[in-house]
Amino acid sequence: MGIFALLPLILPLTAWPIARLAEQRLHPRTATLLLTGVSTVMALCSTLCLALLMVVGTAQLPGNPLPDGWSDPEVRESVPRHEIAGKAAIPALLAVVASCARALLRHGRVRRRAHAALRGLPRTPVAVLPDTTPYAYALPGGPRDRIVVSTAMLGCLASRERRALFAHERAHLAARHHRHLLLVQLAACANPFLRPLRTAVAYTAERWADEEAAR
């Protein structure tokens, strides 16, 4: 196998051309689904590759609790510099786990704060917050999905523009775009080479919502 044993780690280098082609050639819905799937699969494969490199390279080191049978000689020979690769895989795998855990914690913390900011307001599909900064976003989860908009945003839009805004945010909620964005965020944490796909999905998800709102 040789260098091909490390292929799952370097294959995400193709993420940038994949993202560019999907953005330019595919419908936003198709591009979002495809890029999310590709990034998730690549991230899982690269993480599994790190775990296997760690097992192959370190199973026979003194004091390692893993059974020797987990590191077959033929497998070790197929991995270039298996001991070095195995030792390097340990901090890399720990970094992946820590980065993904940090992203999940941050995601949960932001959602909890967003829902906490709406306490005391009527449980209507649209929550209006008094704020001089114009913004609007879709907030999934909690008792129900909601659209949050500031008074400044409503004040600077005409009636037809408000309908377009609400249609755009409802499209985000209906298509569960937050799940796609979370998956590509975790994939980028697992392998930094996948960051172009994270950026591309953020773009195509917005275009998808625009298409649905326009329709």
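Coordinate-derived values only; no laboratory data. Not measured: the values here are computed from a predicted model.
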(request) Starting from the Cα-Cα distance between Glu211 and Arg163, subtract it from 0.36 nm times their residue separation and give me the gain in nm to one decimal. (result) 15.9 nm
(request) State the extension gain, in nm to one decimal, for the chain segment bounded by Ala103 and Asp131, taking 0.36 nm per residue of separation less the distance between their alpha-carbons. (result) 7.3 nm
(message) Could you derive backbone 3J(HN,Hα) for region 124-131 from the dihedral phi with the Karplus parameters 6.51, -1.76 and 1.60 (θ = phi - 60°), listing whole Hz in sequence and x where the residue is Gly or Pro?
(response) 9, x, 10, 9, 9, 9, x, 7
